[in-house]
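Following: one structure in C-alpha cells, then a few remarks.
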C-alpha cells in the first residue's frame with residue numbers, strides 16, 4: 001500500500017510545484033471566474049497588482065482587494081494568480097506603462113418581487129428557479 005502511495009506522490013509532485021509567494025508580494029489575479037464585470041470582451045486576462053496579506057496553506061493566498069473588488073472574497077488559489085513584474089525603464093525607455101486598474105463591477109438593481117408565478121426544481125441539482133413578476 002505504501003508503494004502505491006509513494007508512486008502516486010511522485011507523479012503528483014512531478015507536475016505540481018509549490019508557488020514561491022511571500023507576504024507583501026505584488027501579484028496579478030486572473031479574471032477567468034469573474035462573471036460580474038462589465039465589458040467582458042475587453043477584459044484583460046489578469047488585473048491589477050494586489051498585495052498578499054496572508055498565506056493560507058501552500059496553495060491559497062489572501063489578498064488586499066481594493067476598488068470595485070472590495071466586496072469579493074479575498075482568498076484565491078495559487079492557480080489563478082501570477083507574480084507582478086513591473087516594466088524595466090532601462091530596457092524599455094520609450095514604453096509608457098499603462099496604469100493597471102480594476103474593472104467596474106456591474107451593479108444589480110434591487111427589484112421588488114410582487115408575486116411568484118412559477119417555481120421549478122432544476123434537474124439533478126438541489127436548486128430551485130422562480131418566475132417572478
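The values are calculated or read from the model by the stated rules, or taken from the named source; none is laboratory data. Please read all numbers here as calculations on a predicted model, not as lab measurements. Glycine gets a Cβ as well: all are built from the backbone with ideal geometry, and neighbour counts include every protein chain shown.
Out of curiosity, is residue 70 closer than 15 Å to residue 25 by Cβ, surrounded by fewer than 16 Cβ atoms within 10 Å (Cβ to Cβ) and under 13 Å from the mean Cα position of the chain (by Cα)? No.
Quick check on the range 38-52. Is at least one of its residues outside any loop (DSSP other than H, G, I, E, B), at pLDDT 85 or above and loosely packed, with under 13 Cβ neighbours inside 10 Å? Looking for residues that are outside any loop (DSSP other than H, G, I, E, B), at pLDDT 85 or above and loosely packed, with under 13 Cβ neighbours inside 10 Å, one finds none in the range 38-52, hence no. Among the listed residues 94, 100, which satisfies the condition of being assigned to a loop (DSSP other than H, G, I, E, B), surrounded by 11 or more Cβ atoms within 10 Å (Cβ to Cβ) and at pLDDT below 85? Just one listed residue meets the conditions, 100. Here the range 103-124 is the region considered, the condition is being in contact with a strand residue (DSSP E or B) (Cβ under 8 Å, 6 or more places away or on another chain) and modelled with pLDDT under 75, and the residue that is surrounded by the most Cβ atoms within 10 Å (Cβ to Cβ) is 103. Just wondering, is there one or more residues in the range 11-18 that are modelled with pLDDT under 80 and more than 17 Å from residue 83 (Cβ to Cβ)? Yes, that holds for at least one residue.
From the residues in the range 78-91 that are outside any strand (DSSP E or B) and under 28 Å from residue 55 (Cβ atoms), which one is nearest to the chain's Cα centre (by Cα)? My answer is 80.
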